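Report on the structure given below.
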Amino acid sequence: MKLERRLLWLSLGVLLLGVVLNSSLLLIYEQATYRDRLEQDLRSQARILGLNSAAALTFNDPGAARENLGTLSSSPSISLACLYDLNQRAFAHYSPTEQACPAPNEGAPSGKIQHVEAIRDKGERRGTILLQENLPSLAQRLPRYSLSLLGSIGVEALLILVLVLALRARVLRPVDDLARLAKRVTDERDYRLRVAVRGDDEISALGDAVNRMLEAVEERDAAVRDGSRLLQNLIDHAPATITVKSRDGHYLLVNKQFASLTGRDASTLIGQADTALFGTELVAAQGARAREVAETGGVLRHEETLGGRAWLCEQFPLLNSQGVTYALCSIATDITEQRATRASLAKALAELTELNESLEARVAERSAELERAMQQLVQSEKLAALGSLVAGVAHELNTPIGMVVTLSSSLIEKAREFLPQLQQNRLSRHAFEEFVASLSEGMELIEKNSLRAGRLISDFKQVAIDQTSMRRRHFALAELVANTLHSLAPLFKHRRHRVESRIPEGLECDSYPGAIEQIMTNLIQNALVHGLSEKPEGRIEISAHREGDNAVLQIQDDGKGIEEQALRHLFEPFFTTRLGVGGSGLGLYIVHTLACGVLGGDISASNAEGGGARFRLSFPLESPVRRTDKAQQS
């Protein structure tokens, strides 16, 4: 009860200290903030009255102004309210004591607070308002707070009483229960006793900890009693023979599997030695292994045959707390079925190896056939592109050759008309000059159109030879690109797309121009068919530059670009986004094959930042020698 008395006196002291502190803080706060609160309220009232009286000042309506000030009658603390015009003359006032209006710039009388506020309407000053309020003294204000102080003291006393009772129930009583329990456990040695735990505070946590400690002690005592039974049950149900022998070779522990192997009861084997169970040869081998384990202190694994079965044995020493070997444990697992399975697996592996070799031969044969088929498809695609090129060139040749035929016919007709005039001596000088002028003009047009047809045939011949023969030669990349674009001009004849080529002069290559022309043809056709199909006026940019010993050729359009999912499969054979509408899926595969195989370079595709697709071809300026080149040279 001594602790309880101390707690009671402490609570009373806290109550008195709280009363003193509350009273002091309340008085200090009241004295420090009361005047500020009154001035803030007075300022707010002045602003509101000023806004309401602005119209009365504007329209010179003293009655409305007095009516607005009369609303202050609901505030008994307001002693005076005056409204002044722009000339600082009293316009209207209110005072319960009939006090006259002072000058606006005079200070507040003693015992009052005063506030002067300018009245504005739409940014223009209309007048001034003055408010005075009585300021009660501290003695007058204290009775107002006496009830609050008494209520606060009563609440604090009640809270402290509740706290004392709660502490008695939650602290003192549980501590007393713990003390009595500790005495009983000490006297009776009964670890099943428990303390009642209520709540979740520190005292409850202490009681819970004491209960857990008692549970641990009780469980440890039960574990010691059940340990031997548990160990025996475990080793009896293990899928192996388990034995423990002393250093002199006598069994200390055996399981049912080992007892079944020897044909005896497990209880009769305890204390027996190997000499009473097995033959001389087996006893000698086991003794040698036991000595090796005891001397080395390591784990020994070996296989042995016993009872017509194969066993994988593992022996290891058991050490006491001082690290000294006091017994040897042996675990033997039956591996008879595993050996049989291992033999079956070896036989199956041999058969699988033989089958795999046969399959590899078949795969190689099918791969060769597939390679030949792919080469035929690639060649067909090349010939198809060349056929398209031939059709375009034939269309282009039709115009100049038609012009030559038309002009030749016209000149022949003029010659037929000219000859009779010459024979009959009826030819005038003017007719002769007109005939010569027509002949000269016609021959000039025939020459121009013949040269144009000759250039077309020459460019087509070079492109056709390069694309079909893949002949290696020395060439200027700018000239090769120009010739290729000239041969592809028919593709743009009925389209408003344009091609911009920026190939620097002096970029000389020793490579396979046919492969480059084929790549350009396929990429430009792809740009027209896929990228620019939905765009009436598109642009294809062709640029090149040198990077070390490589030339980089880039072809970019401003079309719709390539889907991200399609970029990963773009160069795979038979992949097309126009399946069923003319797409074979071999165009870009041929491009990749030519770039990586024939040219010895690489090609990549991406989407340009401003939109459209970009293809980047990089190849050595001097291509590596191919086996076909060596064969042609030989």
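What the table below lists for this structure:
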{"quantity": "Residues of segment 256-279 satisfying the condition of being open to solvent by 40 Å² or more (accessible area, probe 1.4 Å), at pLDDT 85 or above and either in a helix (DSSP H, G or I) or closer than 17 Å to Ser246 by Cα (or both)", "calculated": "Thr268, Ile270, Gly271, Gln272"}
{"quantity": "Single condition Glu505 does not satisfy, out of (1) touching a residue at least 40 places away in the same chain (Cβ under 8 Å); (2) exposed (fewer than 13 other Cβ atoms within 10 Å of the Cβ)", "calculated": "(1)"}
{"quantity": "Qualifying positions in segment 508-526 - under 17 Å from Asn607 (Cβ atoms) and open to solvent by less than 10 Å² (accessible area, probe 1.4 Å)", "calculated": "Leu523"}
{"quantity": "Residues of segment 281-321 classified as small (Gly, Ala, Ser), assigned to a strand (DSSP E or B) and open to solvent by 60 Å² or more (accessible area, probe 1.4 Å), total", "calculated": "0"}
{"quantity": "Residues satisfying the stated conditions in segment 585-605, i.e. within 17 Å of Pro620 (Cβ to Cβ) and assigned to a strand (DSSP E or B)", "calculated": "Asp602, Ile603, Ser604"}
{"quantity": "Filter pass, Leu586 being at pLDDT below 90 and open to solvent by less than 20 Å² (accessible area, probe 1.4 Å)", "calculated": "yes"}
{"quantity": "Matching residues in segment 92-113 - criterion: being assigned to a strand (DSSP E or B) and touching a helix residue (DSSP H, G or I) at 6+ places or on another chain (Cβ under 8 Å)", "calculated": "Ala92, His93, Tyr94, Ile113"}
{"quantity": "Close pairs (7 angstrom Cβ cut-off, 6 or more residues apart or separate chains): within 11 Å of Lys414 (Cβ to Cβ) in segment 426-451, polar (S, T, N, Q) anywhere", "calculated": "Ala431/Gln421; Gly442/Ser410"}
{"quantity": "Pairs where the first residue, in segment 483-498, is closer than 16 Å to Pro536 by Cβ and the second is open to solvent by less than 40 Å² (accessible area, probe 1.4 Å), C-beta under 6 Å, 6+ apart", "calculated": "His497/Leu532; His497/Gly538"}
{"quantity": "Criterion (out of contact with any strand residue (DSSP E or B) (no Cβ under 9 Å at 6 or more places or on another chain), part of a helix (DSSP H, G or I) and open to solvent by less than 40 Å² (accessible area, probe 1.4 Å)) met by exactly one of Leu193, Leu214", "calculated": "Leu214"}
{"quantity": "Qualifying residues in segment 322-349 (those that are within 21 Å of Leu312 (Cβ to Cβ) and basic (Lys, Arg)) - the one most open to solvent (accessible area, probe 1.4 Å)", "calculated": "Arg342"}
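Okay, residues lined up against (1) over 24 Å from Gly548 (Cα atoms); (2) at pLDDT 75 or above; (3) in a helix (DSSP H, G or I):
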{"residue": "Val436", "(1), (2), (3)": "yes, yes, yes"}
{"residue": "Ser450", "(1), (2), (3)": "yes, yes, yes"}
{"residue": "Ala453", "(1), (2), (3)": "yes, no, yes"}
{"residue": "Phe460", "(1), (2), (3)": "yes, no, yes"}
{"residue": "Leu491", "(1), (2), (3)": "yes, yes, yes"}
{"residue": "Val499", "(1), (2), (3)": "yes, yes, no"}
{"residue": "Pro504", "(1), (2), (3)": "no, yes, no"}
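Matching residues to (1) modelled with pLDDT of 85 or more; (2) within 20 Å of Gly514 (Cα to Cα); (3) touching an Asp or Glu at 6+ places or on another chain (Cβ under 7 Å); (4) surrounded by fewer than 21 Cβ atoms within 10 Å (Cβ to Cβ):
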{"position": "Glu541", "(1), (2), (3), (4)": "yes, no, yes, yes"}
{"position": "Gln554", "(1), (2), (3), (4)": "yes, yes, no, yes"}
{"position": "Glu563", "(1), (2), (3), (4)": "yes, no, no, yes"}
{"position": "His569", "(1), (2), (3), (4)": "no, no, no, yes"}
{"position": "Phe574", "(1), (2), (3), (4)": "no, no, no, yes"}
{"position": "Gly580", "(1), (2), (3), (4)": "no, no, no, yes"}
{"position": "Leu621", "(1), (2), (3), (4)": "yes, yes, yes, yes"}
{"position": "Arg627", "(1), (2), (3), (4)": "no, yes, no, yes"}
{"position": "Ser634", "(1), (2), (3), (4)": "no, no, no, yes"}
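The values are calculated or read from the model by the stated rules, or taken from the named source; none is laboratory data. Quantities reported herein were computed from a predicted structural model and do not represent experimental measurements. Neighbour counts are summed over all protein chains in view; Cβ atoms, including those assigned to glycine, are modelled from backbone coordinates with ideal geometry. Ligands, DNA and RNA are excluded from the accessible area calculation, which covers all protein heavy atoms including side chains. Shrake-Rupley method; radii C 1.70, N 1.55, O 1.52, S 1.80 Å.
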